[in-house]
Amino acid sequence: LKPFGLSCTSNARLFRPETACASNCHISAMGCASSADAAKAPETQRRRLSVGHVEGKADEATTDATEEDRGLISSLNEQTIIELIEAAGDNMGRKMSIGSETDQSKTSFANKSMQQMGDAIDPTSCGLGYTCRKGLKPESPNQDSWFLLKMDACSIYAVFDGHGQKGHDVSNFVKENLPKLIIKDSRFKEGDQHAMFKEVFKRTQSLIGTADRMKKISAQMSGTTATVCLHDHVNNKITIAHVADSTAVLGRKKGSEYEGIALTRDHKPNLKDERARIEKAGGRVVFDGYANHRVYAKQARYPGLNMSRCLGDLMGHADCGVSCEPEVSDRELRPEDSQLLLCSDGVWEFIAPTEAVSITAGFPATKAMQAADRLAKESWDRWIREEGGAVVDDITVVLIYLSASHNQG
């Protein structure tokens, strides 16, 4: 399960690009088959790989490590996000942050280490549940990261799913720095939040390049997804920015039933607009003969990504048209909107949005932690059953019961 030269991460499975044709056709035992044949691929073959088989070594992407970026990295490291809020001098009321901490545990289904700081707020009193479980991938630690910032007027929720040999370091770097860049931006509380998110993601990508040049992280062929939600408790509105495929889902009650509404689309290379950007930049989109379309540089065998947008993956951004620009959307919350889920694709691989919401809806807001654990365990069991116990992706659930969160806001 380990790609050549890379650790198996986020469902990685071997793939050699020379066995696929650039015209995006399915590979059968007889060679290139028609696109109609591709449509006959078994539904069970849905497992997504973040990084495919990579051969050879490309020149490292050259990213200017500017003094400004170096200084910003240093200043961000000097203060916690709580200290940044307090230093701003704004009366933000109570504030609490909690998020994952990188650990090297190789124990399957172990919950990732976490750290809480700020005011002594019980997360369950705010309807918050979370869990971050290591998958069945012996060669790598848990590469998912997550973050919550709870304040009276607004909150931030985020999930980051790392991929590549050092994806856990990249996802942790983004988890540490991207929320701080949001807090430091004056548009965080009011103003053009769409523009803010786009600039913050772009700046985070620049910081990743600088940190790579400084040898703090290795991000040439490692990266992360990012799904970030800004929850305005005063105006009862959410704004979501994302790259890649850590889907955000809104749970809505319809009579006695629940519906799960995907708020984000997976950024996949075969999407018409994504493919056009990649090919315009000189990249290639190739079907791997199994379940994924992948991004490669022209006449090269890297990076093999099954996503068209992400943070990190410096070679993919430099040579293939991979983008760090997030899609940003707003949604006014309704009384019937009961839950918000931000999860890594370890959840969504075998569980649909409505089913996930139905699972967590069986628990009251005061048992949000148990609800998150239940969804994670069901996700694990599906992987074991569907993949025969061979592999399980890392599984992260961040769950918000909206009525409880609003009442405590």
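The values are calculated or read from the model by the stated rules, or taken from the named source; none is laboratory data. Bear in mind that the values here come from a model prediction, so they are computed numbers and not experimental data. Here the Cβ is made from the backbone with ideal geometry for all residues, glycine too, and neighbour counts use every protein chain on show. Side chains are part of the model used for accessible areas, which takes the heavy atoms of the whole protein and leaves out ligands, DNA and RNA. Shrake-Rupley method; radii C 1.70, N 1.55, O 1.52, S 1.80 Å.
Taking 0.36 nm per residue of separation and subtracting the Cα-Cα distance, what length does fully extending Glu83 through Asp273 add? Please list the in-between numbers first.
Numbers: separation 190, 0.36 × 190 = 68.40 nm, distance 4.09 nm.
Fully extending the segment from Glu83 to Asp273 adds 64.3 nm.
Mind checking the dipole of region 259-341: about its Cα centre, +1 per Lys or Arg Cβ, -1 per Asp or Glu Cβ, Debye to the nearest 20?
Working: 13 positive and 14 negative charges, 122 e Å.
Roughly 580 debye, rounded to the nearest 20.
Among Thr239, Ala219, Leu250, which residue has its Cα furthest toward the positive end of the charge dipole of region 197-273, with +1 on Lys/Arg Cβ and -1 on Asp/Glu Cβ?
Checking the options against the dipole of region 197-273, the answer is Ala219.
Show the residues, 5+ positions off or on another chain, whose built amide H is closer than 5 Å to the amide H of Glu336.
When sequence neighbours closer than 5 places are left aside, there are no close amide H contacts.
Would you please give the residues with an amide H less than 5 Å from that of Met114, counting only those at least 5 places away or on a separate chain, with H modeled from the backbone geometry?
Glu101
Where the centroid of each part is defined by its Cα atoms, how far is region 226-270 from region 324-357 in Å?
With region 226-270 and region 324-357 each reduced to a Cα centre, they are spaced 3 Å.
Working out 0.36 nm times the residue gap between Ser125 and Lys253, then minus their Cα-Cα distance, what length gain in nm do you get to one decimal? If you can, show how the numbers build up before the last one.
Working: separation 128, 0.36 × 128 = 46.08 nm, distance 2.13 nm.
Gain on extension, Ser125 to Lys253, equals 43.9 nm.
Multiplying the sequence separation of Ala153 and Ser403 by 0.36 nm and subtracting their Cα-Cα distance, what value in nm do you get? Kindly include the intermediate steps, with their values, before the conclusion.
On the way: separation 250, 0.36 × 250 = 90.00 nm, distance 1.42 nm.
Extra length from Ala153 to Ser403 when fully extended: 88.6 nm.
List, in order, the whole-Hz ³J(HN,Hα) value for each residue of region 132-139 obtained from phi through the Karplus relation with A = 6.51, B = -1.76, C = 1.60 and θ = phi - 60°; use x for Gly and Pro.
9, 9, 6, x, 9, 9, x, 7
Ranked highest first by the average count of other Cβ atoms within 10 Å around their residues, in what order do 317-324, 142-149, 107-114 fall? Show your work: numbers first, answer last.
Numbers: 317-324: 23.2, 142-149: 28.1, 107-114: 15.4.
The most tightly packed comes first, giving 142-149, 317-324, 107-114.
So which GluC sites (Glu not before Pro) in region 286-363 are both in a DSSP loop and have at most 15 other Cβ atoms within 10 Å of their Cβ? Write down the numbers at each step before the final one.
Values: sites: Glu327, Glu332, Glu336, Glu349, Glu355; in loops: Glu336, Glu349.
Those satisfying the criteria are Glu336.
So with the 1.4 Å probe, I'd like the accessible area per residue for region 99-205, rounded to whole Å². Kindly include the intermediate steps, with their values, before the conclusion.
On the way: 3570 Å² over 107 residues.
Value returned for region 99-205: 33 Å² of accessible area per residue.
What lysines does Lys216 reach when the alpha-carbon gap must be under 16 Å and sequence neighbours fewer than 8 apart in one chain are set aside?
List returned: Lys166, Lys175.
Take the residue pairs Lys95/Lys367; Lys215/Lys280; Lys189/Lys254; Lys112/Lys253; Lys112/Lys137 and return only those whose Cα atoms are more than 23 Å apart.
On the way: Lys95/Lys367 21 Å; Lys215/Lys280 31 Å; Lys189/Lys254 32 Å; Lys112/Lys253 31 Å; Lys112/Lys137 14 Å.
With Cα atoms farther than 23 Å apart: Lys215/Lys280; Lys189/Lys254; Lys112/Lys253.
What is the set of long-range amide H partners of Ser222 at a cut-off below 5 Å, with H atoms built 1.01 Å from backbone N?
The answer is Asp313, Leu314.
Whole-Hz Karplus ³J(HN,Hα) for region 224-236, in order, using 6.51 cos²θ - 1.76 cosθ + 1.60 and θ = phi - 60°, x for Gly and Pro?
Taking θ as phi minus 60°, the curve returns 7, 6, 7, 10, 10, 10, 9, 9, 8, 6, 5, 9, 6 Hz for region 224-236.
Read phi for every residue in region 360-375 and hand back ³J(HN,Hα) as whole Hz from Karplus 6.51 cos²θ - 1.76 cosθ + 1.60, θ = phi - 60°, with x for Gly and Pro.
For region 360-375, the Karplus-derived couplings read 6, 5, x, 10, x, 4, 5, 10, 4, 5, 5, 5, 5, 5, 5, 5 Hz, x marking Gly and Pro.
For the pair Gln115 and Ser74, how long in nm is the line joining their label points, each one 7 Å along Cα→Cβ?
About 2.1 nm separates the two model spin labels.
How far is it, in nm, from the label point at Thr107 to the one at Asn236 when both lie 7 Å from their Cα along the line to the Cβ?
Roughly 4.4 nm, to one decimal.
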